[in-house]
Amino acid sequence: METSAPQQQNALDNLEGEIISGRYKIIRRVGKGGMGVVYLAQQTNLNRNVCLKVLNPILLDDADAVSRFEREAKGLSRLQHPNIVTIFDYGRDGNLAYIVMEYAQGETLGKYLKAHGALTLDEFLPIAVQTLKGIAEAHKMGLIHRDIKPANIVLCELEGEKNFVKILDFGLAKLAQGGEDLTKEQQLVGSASYMSPEQILSGISDTRTDVYALGVMFYLMLAGQKPFTGSTDNAILYQHVNNAPKPLRLMVKPEQNIPETLCEVIDQCLEKDAQKRPQTALDLLNAISYALDAPQIMAGYSSMSLAKVELQKVTEEGENHPSAPPMPPVPVSNDVDSDSESSVSYASAVSGVGSHPIDVSSISLMQQNNYARDARDRKILVIVLLCVAVIAAVVITAIVFHPSEQTLPAQTAAQDKSLNEGLETLYARIEENIRNNQWDDAQDQVNTLEAKASPDTPDLLLKIDDYNTLIKRGKLLSDAREKVNAGQLEEAIELYETLLKKDKDNISAQNELDAAKQALERIPVLRLELPERTGCSCTIDEDAVGEPPESIRLETGTHNIQITCPEYKPWEKKIMLEPSDKLTLQVHLEKMDAAPAPRPTQHKSSGASHKSSNSSKTESDPFGIAKPKKGKKVGDFYYDD
């Protein structure tokens, strides 16, 4: 017997003590979300703690989804950055699909913000810069997060600071797009509050959608509230598409020490037009560095003590000469503490300290030292020249005897450049056709992409998957609309519901589905009750409908129903239907050889015939059409209340 979704979920919730794939021993559950259940586990063969995410089986209900999951995990496992949780392993064990990740022990940014409220500049900068550096590394590799939010940022302790960022669930949000049983809360946290306008309208995601989500998160960190709030998902999504957020500079307090230039950069991230935002996380990091006039935030770091960075510009009154070019930022060494002598040298380099007058008495000593240094330099120069000569000889020999091997890298680079330019052109054409609802053209171009793909191009395979998903969903929506226009509401409703199972946040599909259901409710329903259907035929308004249906939807107005069955006399009835009517009509068939029913007796005294009891209960319209009262049995009719 097939296991139901609730039973599957209950099984996922009770894995403590289990050993997955023979090497991951489950210790305890540490979280639960729309994608599945997260456990702390011990990797027994390496004796280390890991985070093991067991995916909800409803996300992997077909072979295509399983293949996609494996490609996603393989692509994401290439991400290696200190601010991104590393994916160690992935696989399946029976009906369980899992991902094994680095165990980041700390507090989520969401909990931190609930406890601290709006952050000061000193609190904001370390978290923001580390997050941007991690996301920028992924963007450089062509990977998109798709679910940036405070719940996916963990603040760990490192070198005494409790603000070392680890980014969770990178790119895994795409796996949840097929989930049918996600709760309203999970939909809100996972999509509505941080979703960009283009995601809502077209479903297309790129690096700029990540930038939009970063803008929402940074706005929350500094303002203490999100730019858009509402009681329902649809209300929030509507605002993302149509409303402008309140400028951040009006939301921050003076004691937070937030420069207006930084507010402007974050406001720019929330532009409706994706072209007007910073295009990648690195662009956003550069913009923040420029806005704060703090190039040092681009340098390497270990403990991330950016709270101590001086952001003031060196003025003309300082030690630098006003006509001198600005000193370039000097990276801080990861191996030296901030209080060490090297840190003083770094500060001196930035501020220009060291231009004091030289004592004249020390000149002769300096000259002696210069002579000794020149002699040493000449020896080094001779050695370097000899090494260069040897290397040159080796290179010339290689060129003479292996000319084809020397030209191969240049040819390969040229081929790679040509391929990339061709792919970018194809991407642009596909996305334009998707925006214009030209699904067949888009699919033909995706098929061209597939011919260029191979197992060695996982990024291209993921891109193809994205386009195929968008095309399938777009065609479903177009087909549903065609059914509505043709009046085939039941078929349209089925298509809308199929689409929403795959794309739960599609506002257009949800609104159109609701409208189709309301329109369907207004169409009258006729139910036919008769003792025999086999061999019978039904005609409605001179249109043959085949065997008499148990129920049928008809337009509002007058209809003539005719039923013919073997060995029975033809049966006919005229009815009138109003909007939202639900009418049950009893069909009384009379045998061919049956005696004719007796006529009603006439009373000569009155000269009028008595009406039957059934006739006395009916109302007649001006055309003599039977119209029973609702909620009662009237002759051959039943009207539903």
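The values are calculated or read from the model by the stated rules, or taken from the named source; none is laboratory data. Being a predicted model, the structure only gives us computed values, none of them experimental. All Cβ positions, glycine included, derive from the backbone under ideal geometry; neighbour counts span all protein chains shown.
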Next on the checklist: Any residue that is closer than 22 Å to A509 by Cα and either touching a Phe, Trp or Tyr at 6+ places or on another chain (Cβ under 8 Å) or among the small types (G, A, S) (or both) - is there at least one of those in region 254-277?
Outcome noted: no
Checklist outcome for this item: Residue hits (region 432-458; in contact with a Gly (Cβ under 7 Å, 6 or more places away or on another chain) and surrounded by 14 or more Cβ atoms within 10 Å (Cβ to Cβ)) are I434, W439, P458
Checklist entry - Among the residues of region 516-542 satisfying the criterion of being hydroxyl-bearing (S, T, Y) and either modelled with pLDDT of 90 or more or outside any loop (DSSP other than H, G, I, E, B) (or both), which is nearest to L554 (Cα to Cα)? => result T539
Item to check | region 481-515: number of residues that are of a type in the set (V, I, T), at pLDDT 90 or above and farther than 16 Å from I471 by Cα | outcome: 1
Checklist entry - Given (1) modelled with pLDDT of 95 or more; (2) not in a loop (DSSP other than H, G, I, E, B), where does P227 come up short, assuming only one miss? => result (2)
Checklist entry - Of the numbered conditions (1) in a loop (DSSP other than H, G, I, E, B); (2) modelled with pLDDT of 85 or more, T3 satisfies every one except a single condition; which is it? => result (2)
Next on the checklist: Taking the conditions exactly as written (within 21 Å of N152 (Cβ to Cβ) and touching a Leu at 6+ places or on another chain (Cβ under 7 Å)), does G224 satisfy them or not?
Outcome noted: no
Item to check | Any hit, region 527-548, residues being under 28 Å from E432 (Cα atoms) and either within 18 Å of the chain's Cα centre (by Cα) or crowded, with 18+ Cβ neighbours inside 10 Å (or both) | outcome: no
Checklist entry - Within region 495-503, can one find any residue that is surrounded by 17 or more Cβ atoms within 10 Å (Cβ to Cβ), touching a residue at least 40 places away in the same chain (Cβ under 8 Å) and closer than 21 Å to L201 by Cβ? => result yes
Checklist entry - Can you find a residue in region 46-61 that is of a type outside the set (D, E, K, R), over 24 Å from the mean Cα position of the chain (by Cα) and assigned to a loop (DSSP other than H, G, I, E, B)? => result yes
Checklist entry - Where residues in region 230-245 are of a type in the set (S, T, N, Q) and in a loop (DSSP other than H, G, I, E, B), which of them is nearest to P197 (Cα to Cα)? => result N243
Next on the checklist: Name the single residue that is nearest to D466 (Cα to Cα) among those in region 127-142 being surrounded by fewer than 23 Cβ atoms within 10 Å (Cβ to Cβ) and of a type in the set (A, V, I, L, M).
Outcome noted: M141
Checklist outcome for this item: Being surrounded by fewer than 23 Cβ atoms within 10 Å (Cβ to Cβ) and in contact with a Leu (Cβ under 6 Å, 6 or more places away or on another chain) narrows V54, V85 down to just V85
